[in-house]
Amino acid sequence: MVNKIKSILSDARIYWNLPMPGRYMTFKEIAAYSGGGIGAYMIITLGTACLLATNNTLLSSTLGIDPTDMYIMYVIAVLANIPLTGIRANIIDNTRNKAGKYRPYIVSMAIPTAIICILMVWFPYDAFGSLFGDAVVFGESISYIVKCALVLILNLLLHFFYYFFYDGYENLIHVLSPNSQERTDVSSIKSVVYSFAPTVVNLLTPLIAQHIFKTNTTDIRVYRFLYPILGVLGILLCIVVYKYTEEKIVQARTHIVSIKFWDSLKAVAKNKYFWIISLASWIGFLEIAYANILFWLYNYGGACSGNQYGLIVTIYGNASLWGMLLAPFCIRKWGKKAVLVVTNIFNIVFILMMLPFTSEINNLTIWLVMACLYLNAFMGSFAHILNPAIQADIRDYQQYKTGERIDGMFSAISTIGTVIALITSSVLPIVYENGGITKDNAAIVTKNPDVLNRLLGDGKTVGQILAEQLANGQDNYNNAYSALYDPDILLSLIKVLIIVAACGALMNVIPFFWYDFNERKQKSVVRVLKVRALFEDYGNGITNDNDLVEGIDIIRHAREMAVAAPKAVDKKSYKSVKGKAERKAAKKAYKADLEFNEEIEISKFVCDELDKFSSPVVQYQIAESRKICSAGLNHLLQVDMDELKAELKHARSMPKATAEEKEMRKFAIELAKKKISSCKSIKKYFKDTTELIQPDFQILDEYFDKEDEIDAEIKALYLDLKKEKNKEKTLEMKAKIKALKKDKEAIQDKAKAEMDKHAYFNRAAKPYLDADKLIKQQENYTHFEDIAAQYEEAKMRSEAERAAKIEEQKRLEAEKQAQKEEKLKEKEAAKMAKKNK
């Protein structure tokens, strides 16, 4: 173990600024993404605490919003968020920014998210509501209605900024590496590190409540104290993520991102793996029913003190650590699907285990419930690693199928689930109200002397807690959730929620039995994407040494392995071996044989891609594409919509008896629809045009290069500014920075206008461009030998470049070490000099 740690530390020093062989992320990136994740999850902790949800404790127990009102506000917020999700998705998918798809939004969206969350706990709702008088509307005071309206308005803003930020950070891992296992490993590290944020927040919240404000965690003052601290620290650490990570998407370097909203929407809708993942979450909505049990047992049941509750939630939070650490190893051994199914089945068991311990409240109740939830959280934490890994895999599949990295649109289509969620989310409020959480019950409970004199875990009675909160402007006598101070209502409702959660967990696992995009398929898809990018870049006259070497290695390896005979594998080959060393060697050989056979299957997939132009289906596609290209680009200006509709009708009537006929018919239908869409775009953007001219990519590239130059100049000026002491020069430098920023904004505006030109042209010329791309791809695939001829020289340059980077890293390390030793010597000399005096 010690040697392993030493080896990792040694690798970290050498590969701090460049990735290890076979990997894509440097140790610096991993450290920044993971360490900065602590800050990201401080912001996420604030966001999730403030977002409207039927089980939100801040808005219910602290701000006093009733379950039914919470649900109504939730419905409004979700419906309002649907168009916002589409806007976010379209922005992300059409981002052509040097910073990438997701990085630009990590800091820019974290700031407004934090501000809104802090405002939500600091706003004087009751004082503001009292300005509108004491009138009663629909059975509620005007003050309460105003409070609900304010919470809703802040939530509408939060929905846009928070989800933009959340998608930016969580989805960043999808584009930091195309290697599925590396993404899984980094997700594991990230999850372990970022879990520090919610763990500390969960620990501090009850401690702040007990020791600073002498109350429980339903008191608003606790959050007014904590949230500003979390907001500032979170933003600072998010800057680290932005600054030290780099997105890497496997596509041609000449590829222009320009995706029509409806095209990407339809493309994602055809991704079966997306629907499997989404369906699991939609029908498993009830699993979260147990979420508030510990919170209720502490605050309303008085099952423990604030100190004990802090320890309980810390231990509970620690359960996720072990699952996140074990997940990569389990995934390597059994695969994502098997781990996902098994952990979900165990979740059902551990949820039901709580039932026997919730018959009464005693000194052991909350600890025994926590033990069950600990085991549940341990199994559930595997999902923290599995979900982003699976999401990244299905995005690779999407890019393989469509040729576009349609990341943002996955979120947009997920809004379909929000419509389902609007219905399913009504279940919990109904369960809550039928279980006794109503204002009428609260009014009875908070007047009951037996309840008011009940001693809670921190030594205060229910009556004392309610009176202190009222004195601080928080009226929980009229809070429906105060009905939970009655132990009979509390325990009976908890039992119902446990059964409901177990049913939800069962429904959640069922769809995953149909998920079959395994690790082998994902590796196959990524290799094909690399091959396509290699040939496309060659055809455009832009090749990169590293990409060329990797692409040629993939192709040569595939050709060799595709014709290899698979090896016979049987677990008995090592299980029947008696000696420990011999059995270990036999098991190693067995695994090697499995990997060998897997390589054969992957290689066949790659060769199918290379040989696809000899298949009848692709030959049909080539023939149709040649017709389009022969007619010319400007022929699209002359097509008639009625003719195109007739073409679509003919395509739909094509035979579909065999698999090949189905594929040809499918292609013909898609081509006809593509032409109709093109015709509409021409009428919209080029109705007075007599000739379609493709915009020059070089112009756009020059804008990006100029933007990079300005960024570098601004960065250098800021560094000089820190050292400069002359006031006049400081003012000059600040003025120059301001002028450069204006220049950058002007260039960004020009780049956007140029990108719009590309986008409009690509939409109008899509049938021709796709046809031309397929024909060029066929042509490029015939030039393998020409590309391979560059292999040796490219490999030498690539290896020399890598070796130079490693040497430079070692030199810098040696320099740092020498400086460190020199400083130590100076300190020792200073100590000796002081001693001699």
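Along the range 105-112 the Karplus relation, 6.51 cos²θ - 1.76 cosθ + 1.60 evaluated at θ = phi - 60°, assigns HN-Hα couplings of 9, 5, 8, 4, 9, 5, 5, x Hz to successive residues, with x for each Gly and Pro. Across the range 580-697, the relative contact order, built from alpha-carbon pairs under 8 Å that are at least six residues apart, equals 25 percent.
In this structure the amide hydrogen of Thr461, modeled in the peptide plane, comes within under 5 Å of the amide hydrogens of Leu456, none closer than 5 places in sequence on its chain. Relative contact order of the range 312-386, taken over Cα pairs closer than 8 Å and 6 or more residues apart, is 57 percent. Taking every C-alpha pair closer than 8 Å and separated by at least 6 residues, the mean separation divided by the residue count of the chain gives a relative contact order of 16 percent. Among 473-486, 693-706, 617-630, the peptide with the highest mean count of other Cβ atoms within 10 Å heads the list, and the full ranking is 473-486, 617-630, 693-706. Comparing Ala568, Leu176, Leu63 along the charge dipole axis of the chain, the residue lying farthest to the positive side is Ala568, per the Cβ-charge model. Taking the protein heavy atoms of the chain in the context of the full set of protein chains, the accessible area attributed to carbon and sulfur is 60 percent at 1.4 Å. Computed from phi, the 3J(HN,Hα) profile of the range 526-534 under the Karplus parametrisation 6.51, -1.76, 1.60 (θ = phi - 60°) reads 5, 5, 5, 4, 5, 5, 4, 4, 4 Hz, with x in place of Gly and Pro.
Tell me the net charge near Val339. Cut-off is 14 Å between Cβ atoms, Val339 excluded, with +1 for each Lys or Arg and -1 for each Asp or Glu.
Details: positive: Arg332, Lys333, Lys336, Lys337; negative: Asp393, Glu519.
Summing Lys/Arg as +1 and Asp/Glu as -1 gives +2.
A probe of 1.4 angstrom, applied to the heavy atoms of all protein chains, finds His783 with accessible area near 50 square angstrom. Couplings for the range 37-49, taken from phi via the Karplus curve 6.51 cos²θ - 1.76 cosθ + 1.60 with θ = phi - 60°, read x, 4, x, 4, 7, 5, 5, 5, 4, 5, x, 5, 6 Hz in order; Gly and Pro are left as x.
Round to a whole angstrom and tell me the spacing of the C-alpha centers of the range 641-695 and the range 718-789. Value for the Cα centre distance between the two parts: 32 Å.
Across all directions, the average projected area of the convex hull around the alpha carbons of the chain is 48.4 nm². The charge dipole of the range 109-197, taken about the Cα centre with unit charges on the Cβ atoms of Lys, Arg (+1) and Asp, Glu (-1), comes to about 120 debye, rounded to the nearest 20.
Magnitude of the charge dipole for the range 648-733, about its Cα centre and with charges confined to Cβ atoms of Lys, Arg (+1) and Asp, Glu (-1), is about 1160 debye. The residue among Gly632, Val618, Val577 whose Cα reaches farthest toward the positive pole of the charge dipole of the range 571-636, with charges on the beta-carbon of Lys, Arg, Asp and Glu, is Val577. Per residue, how much accessible area does the chain show when a 1.4 Å probe rolls over the protein heavy atoms, in square angstrom? Value for the chain: 49 Å² per residue. Stretched out straight at 0.36 nm per residue, the stretch from Asp11 to Lys683 would grow longer than its current Cα-Cα span by 236.1 nm. Extension gain for the segment Lys734 to Cys607, taken as residue separation times 0.36 nm less the Cα-Cα distance, is 39.9 nm to one decimal. Accessible surface for Thr62 stands near 10 Å², nearest 10, in the context of the full protein assembly shown (1.4 Å probe). Between the listed residues Val496, Ala480, Ala442, the Cα displaced farthest toward the positive end of the dipole of the range 426-513, a dipole computed from Cβ unit charges relative to the Cα centre, is found at Val496. Simple point charges give the picture: +1 on the Cβ of Lys and Arg, -1 on the Cβ of Asp and Glu, and for the chain a dipole about the Cα centre of about 1800 debye. Averaging the Cα positions of each part gives two centres, and for the range 440-460 and the range 533-584 these lie 69 Å apart.
Alpha carbon centre of the range 324-364 versus the range 470-522: separation in Å? Using only Cα atoms, the two centres lie 16 Å from each other. Extension gain for the segment Lys588 to Glu643, taken as residue separation times 0.36 nm less the Cα-Cα distance, is 13.5 nm to one decimal.
The values are calculated or read from the model by the stated rules, or taken from the named source; none is laboratory data. Note that the coordinates shown come from a computational prediction; the quantities given were computed from them, not determined experimentally. Please note: Cβ atoms are built from the backbone with ideal geometry, for glycine as well, and neighbour counts cover all protein chains shown. SASA here: full protein model, heavy atoms, side chains in, ligands and nucleic acids out. Shrake-Rupley method; radii C 1.70, N 1.55, O 1.52, S 1.80 Å.
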